[in-house]
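Here the structure is laid out as structure tokens; the discussion comes afterwards.
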Amino acid sequence: MAENLNNLHYQNNGYLEHHLDLENNGNLIKNKDSADDHHHHRQVLRTAHNMSSSSLRKKSDLSLLENVRVGFVRRTLRNINEVIFGTKLSVLFPAIPLAIIANCYHFGRPWIFALSLLGLTPLAERVSFLTEQISFYTGPTVGGLLNATCGNATELIIAIFALSKRKIEVVKYSLLGSIISNLLLVLGTSLLCGGLANLKKNQKYDRKQADVNSQLLLLAFLCHLLPLMFRFSSAASASPDAAAFSILQLSRASSIIMLIGYIAYLFFQLKTHRKLFQAEEEEVVDGSDDTVLEEAVIGFWSGFIWLAGMTVLIALLSEYVVGTIEATSSSWGLSVSFISIILLPIVGNAAEHAGAVIFAFKNKLDISLGVALGSATQISMFVVPLTVILAWTMGIEMDLDFNLLETGCLGFSILITAFTLQDGTSHYMKGLVLMLCYIVIGACFFVLRAPFQPTNAINLGLMKFPSGEVIES
């Protein structure tokens, strides 16, 4: 009897050990799969633009979708919930169909312009969200390239449509306004708000990233300054046709050099010095709407399809903006230069700007600087020269001569930004000075009532005055 009890005891122990081994092995396999999946979804480069855009996202409530039993319908509704309602700017999405309806039923052109401009605001933020989602599947390098290409898709698409309509001045004004807005308005607001919210804290940031961006911005300014100086220096010695041709050739050569510099900057940012540009992760708080996404919430192909759809909508609204800007200028009593340089960048990039200010409140100035300087560098070193090359392929003579007033404002904005960031510390007075500089520049273009200068008059080195008189500069 005792022997049978001992045998039963040994058998039970063996069964329990075998069962525990199987369970532990199963847990190890499950944990390994979970770790692999976790690694697959988390391997993404968190840049300042990603972090800034994530501050405007809100946590989606998917509990109601669990009752939907059809898998395809449930996935579609989940994607709609994440893409359309997963942002705090979702209240602006109705402006998109309203703009389309206003255009189809021939409403007032200022209404079309205003609705299109409002509709571009959430679309720009969603493009950033979708590129980040795709980056979870493609890896940090491809994701970084995708973010670098689509980061300023709105400005690039508006420029392309303006080029197709031969509105070269609108192209130059809008791109110039985006650069100045990022350097003075976005950075100034961030430093001012961050300084006021953290009066008793020591505000510091990494100067290395700011130094690299400042160097590239100075290179871009040189490429804009040389055609302008060449035009004035050759006005008396060379014929107007020869001077215009030389300026055009110089601009195209400078654009190629700028694109080469931007490619080197991407290699520097994504490969050799990735840690320099990787944003500091924000603390995750359960139940908070400010939780930073750490894994993909939509599939790769779903993200790609949504990104294509958003790009089409941006192109449609950009066409509306370009086609109605002159009528809006006449209706509102504002110059086209003021609308292009001041209003377009403020409204079109409102989501990115708000994210930079939010992180400045949290004393995360590296992210705020990364948004402002990174976007300005991308536009000046990538979007502007690419636009010149695209115009070249389209048979349009677009150069880098942005005229004396515009180039002077650009150069001053770059120089005062470089001086502001040279010591690696910040306080609210620096932000206030940058904002005051932006207000002065805005007032300058507000009072500027001169009509558009014809492209041929600009290329020939002629100046046209409001009276209609054209004299040689």
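The values are calculated or read from the model by the stated rules, or taken from the named source; none is laboratory data. Please read all numbers here as calculations on a predicted model, not as lab measurements. Reconstructed Cβ throughout: ideal geometry from the backbone, glycine too, with neighbour counts over all protein chains shown. Areas reflect the complete protein model, heavy atoms only, side chains present, ligands, DNA and RNA absent. Shrake-Rupley method; radii C 1.70, N 1.55, O 1.52, S 1.80 Å.
Worth pointing out:
- At R0 = 25 Å, FRET efficiency that the Cβ-Cβ distance of GLN249 and ARG207 yields, to 0.05: 0.10
- Virtual spin-label span in nm between MET229 and LEU405, 7 Å along Cα→Cβ: 2.4
- Convex hull per residue volume in Å³, alpha carbons only, for region 293-451: 169
- HIS273 contributes an accessible area of around 80 Å² to the protein surface, as traced by a 1.4 Å probe with all chains present.
- For CYS193, solvent-accessible area (1.4 Å; no DNA, RNA or ligand), Å²: 30
- Cα shape, region 182-277, gyration tensor, a/c 1.5 rule: oblate
- Computed from backbone phi with θ = phi - 60° and the Karplus coefficients 6.51, -1.76 and 1.60, the 3J(HN,Hα) list for region 401-406 is 7, 9, 6, 5, 5, 5 Hz; x is used for glycine and proline.
- Under 5 Å, built H, 5+ apart or other chain: amide partners of ILE298: none
- For the residue pairs LYS88/LYS362; LYS200/LYS430; LYS271/LYS430; LYS271/LYS364, the alpha carbons lie more than 22 Å apart in LYS271/LYS430; LYS271/LYS364.
- Neighbours of SER340, meaning other residues whose beta-carbon lies under 13 angstrom from its beta-carbon, give a summed charge of -2 when Lys and Arg score +1 and Asp and Glu score -1.
- Whole-Hz ³J(HN,Hα) from phi, Karplus 6.51 cos²θ - 1.76 cosθ + 1.60, for region 346-361, glycine and proline x: 5, 7, x, 10, 4, 5, 5, 5, 4, x, 5, 5, 4, 6, 5, 4
- In this simple spin-label model, placing a label point 7 Å from the Cα along the Cα-to-Cβ direction at both LYS271 and LYS88 gives a separation of 3.8 nm.
- A simple packing score, the average count of other Cβ atoms within 10 Å per residue, orders the peptides 194-201, 121-128 as 121-128, 194-201, with the highest score first.
- Cα gyration tensor shape for region 116-260, rounded if a/c is under 1.5, else prolate or oblate: prolate
- The 3J(HN,Hα) values that the Karplus relation (6.51, -1.76, 1.60; θ = phi - 60°) gives for region 424-440 are, in residue order, x, 10, 9, 8, 5, 5, 4, x, 5, 5, 4, 5, 5, 4, 5, 5, 5 Hz. Gly and Pro appear as x.
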